[in-house]
Amino acid sequence: MVTYQVDILNPKAERLLKDLADMDLIALKQTNQDEFMQVVERLRSKAALDPPTLAEITEQVETARKERYARKNA
């Protein structure tokens, strides 16, 4: 099965899609909100509760750099 996301610009297109679904040629599933945006909103809400300090961010960056440097020179 192949899945497509379609933005319907003309109401006639929606009618055509519904006709195809009635003939069991396609299945329609309506989504209210983009899944990506749901993930973004969830991450933003978590970040707003306990934002990392500059020191924590710096520590994470330095750790990642050390690991990358160790892999590169190994």
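The values are calculated or read from the model by the stated rules, or taken from the named source; none is laboratory data. The structure presented is a predicted model; accordingly, all values stated were derived computationally and were not measured. No Cβ is skipped: glycine too gets one built from the backbone with ideal geometry, and neighbour counts run over all protein chains shown.
Applying a threshold of 8 Å to beta carbon distances and a minimum spacing of six or more residues, or different chains, the list of pairs starting in the range 17-46 at a residue that is more than 17 Å from VAL2 (Cβ to Cβ) and ending at one that is modelled with pLDDT of 90 or more reads LYS18/LEU28. Among residues that are at pLDDT below 85, surrounded by 10 or more Cβ atoms within 10 Å (Cβ to Cβ), out of contact with any Gly (no Cβ under 9 Å at 6 or more places or on another chain) and of a type in the set (A, V, I, L, M), ALA13 is not included. Out of the residues in the range 23-42 that are assigned to a helix (DSSP H, G or I) and surrounded by 10 or more Cβ atoms within 10 Å (Cβ to Cβ), state the one that is modelled with the lowest pLDDT. Checking each candidate, the answer is GLN38.
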